[in-house]
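The values are calculated or read from the model by the stated rules, or taken from the named source; none is laboratory data. This is a predicted model, so every value here is computed, not measured. No Cβ is skipped: glycine too gets one built from the backbone with ideal geometry, and neighbour counts run over all protein chains shown. The accessibility values were calculated without ligands, DNA or RNA, using every heavy atom of the protein model including side chains. Shrake-Rupley method; radii C 1.70, N 1.55, O 1.52, S 1.80 Å.
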Amino acid sequence: MAIKISVVAFAAGVFLMGAAVRAAGPAASQESGGAVTFHKDALPIFQRNCQSCHRPGQIGPMSLLSYTEVRPWAKAIKAAVVSRTMPPWFADPQYGHFDNDRSLKQAEIDTIVAWGDSGAAEGDPKDAPALAQWPAGGWQIQPDVFVDLPPYPVPARGVKEWENLAIPAPFKEDTWVTSVEILPGEPAVVHHLCFDFEKHRPTTVYDMYEWMEVPRDEEGVARNSGRRLGAGEGTVVTREVGSTEEKRRQGRTILRGGTEFCYLPGLPYEDYRPANAGVFVPAGSDMTVSIHYTANGLTVIDRSRIGFTVAKAPPPKKFVPQGGAEDQGEAVPVVRKEGIGELAIPPYEGNYLAPLQEYTVLRDVELVWVRPHAHVRGKSVQYKLIYPDGREEIVLSVPRYDFNWQLTYRTSLKIPKGARMLVQFAYDNSANNKYNPGPSKWVYRGDQSWEEMGSPYMGFLVDRAASEKDLAGRR
């Protein structure tokens, strides 16, 4: 295949300065007199906003734990924060309020600039804060329970389709999961890794990869453009874990795959604890995993892991993803009307507006996060809420979407029954898009990075007690 896409922008990463999702504290004070130094002024900012990504085993291309590690990058760090390239945060500040806003305060930027301009002095190590404590093993959140996915040999070249895999959930009894972290073994080749919890079905076979064969042209573009993953009948391919033998049959895929709990570039975990919420997982559930690799010229073996924290007692709120957890007995909170399958971006088009997507809320809910997802031609996205009385509110505007940093924007917005969420994606298929692998090509909806998507994932909270009462009534 002639087209090669870099899933994570490591090549451009020398100017990266990653960010923790924890809220930034107050900037270092420069009013106490004396020079601005690393230990007293800069290091606290790095601890709060950078070290979660910039430490060994994480996505950042260099470690920012110590003065010795940081000093060679002082000028690059200054340039990155002044341009607000880092920390990565793309929400337009005119709209919405987000609990996990990664952007630096102006005082923090001024502190880093002053430190760099004054020679990036080390200062007295006695002025340094206590070392930040990070979980072992590369985790951002120390898991109570974790699952090792089967080792997966990723070839150096070729097109890998989305593959689905079913494994038993690691819970022996009804469990409330309060955070989910997906730790990719080889981030450079993991395009995405998502999963859902669902009740075990008699047709489900464990440790068997399953995917739909997609007819593609010589450049890797799907011939049946606009198809949805696993939709319709076709050639289904299966392969047992640990085997290279592929078997084919005509029909439909058995596994539905997962889309709700995801690793994407820049998105390692979801944490429901700040909202006093959790995801209910009944005993005997399965995890249906959807995993997609993008070859990058190197043969590697991916060993990804999924970690969970669990509640000792049921939390007051229940987290429900956009499509609803029908298998877990939860009422579907929204119904969607979309035409994203009709996506057709003309060659050299710099501002293509995708078909509008509309979501109608079926009952009172609390919106707690939004996670827009597109591919390398994604340019912008806007979420507009229309209340039943006609009032309009822009919930999220991302004027500069970045495929390499697919963020979740956490909020708290009460939405009444009957409200509608309108979501509009825009795409840049011009030569001005530095990530565009082929501006002369028509681009359609597809699963690969050189094709396109427009998925406005949303997450909601419902009251656990009310939810259980509703479930009992429907039984």
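Return yes or no: is residue 214 more than 21 Å from residue 403 (Cβ to Cβ) and either of a type in the set (Lys, Arg) or open to solvent by less than 40 Å² (accessible area, probe 1.4 Å) (or both)?
Answer is no for this residue.
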Yes/no for residue 126 being of a type outside the set (A, V, I, L, M), outside any loop (DSSP other than H, G, I, E, B) and either touching a Pro at 6+ places or on another chain (Cβ under 8 Å) or under 29 Å from residue 397 (Cα atoms) (or both)
no
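Take the residues in segment 119-149 that are of a type outside the set (A, V, I, L, M, F, W, C) and in contact with an Asp or Glu (Cβ under 7 Å, 6 or more places away or on another chain); name whichever of them is nearest to residue 180 (Cα to Cα).
Kept after step one, since they are of a type outside the set (A, V, I, L, M, F, W, C), are these residues of segment 119-149: 119, 122-127, 129, 133, 135, 137-138, 140, 142-144, 148.
Now drop any that are not in contact with an Asp or Glu (Cβ under 7 Å, 6 or more places away or on another chain), which leaves 140, 143.
Numbers: 140: 10, 143: 8 Å.
This residue is 143.
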Could you tell me whether any residue of segment 28-44 is surrounded by fewer than 16 Cβ atoms within 10 Å (Cβ to Cβ), modelled with pLDDT under 95 and in contact with a helix residue (DSSP H, G or I) (Cβ under 6 Å, 6 or more places away or on another chain)? no
Scanning segment 47-74 residue by residue, the ones that are modelled with pLDDT under 95, part of a helix (DSSP H, G or I) and of a type in the set (Lys, Arg) total 1
Restricting attention to segment 262-281, the residues that are open to solvent by less than 30 Å² (accessible area, probe 1.4 Å) and not in a strand (DSSP E or B) number exactly 3
Pairing a residue in segment 248-261 that is at pLDDT 90 or above and open to solvent by 90 Å² or more (accessible area, probe 1.4 Å) with any residue that is assigned to a strand (DSSP E or B) and among the polar types (S, T, N, Q), where Cβ atoms lie under 7 Å and the two sit 6 or more apart in sequence or on different chains, gives 248/235; 250/235
For segment 100-116, pairs from a residue that is over 14 Å from residue 46 (Cα atoms) to a residue that is among the β-branched types (Val, Ile, Thr) and open to solvent by less than 30 Å² (accessible area, probe 1.4 Å), with Cβ under 6 Å and 6 or more apart or across chains, are 114/36
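Counting residues that are modelled with pLDDT of 90 or more, which strands (runs of 3 or more DSSP E) fully inside segment 303-403 reach at least 3?
The strands (runs of 3 or more DSSP E) meeting that bar are 305-310, 317-321, 357-361, 365-373, 378-386, 392-398.
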Do we have residue 210 as over 24 Å from the mean Cα position of the chain (by Cα), touching a residue at least 12 places away in the same chain (Cβ under 8 Å) and either farther than 20 Å from residue 256 by Cβ or not in a loop (DSSP other than H, G, I, E, B) (or both) here? no
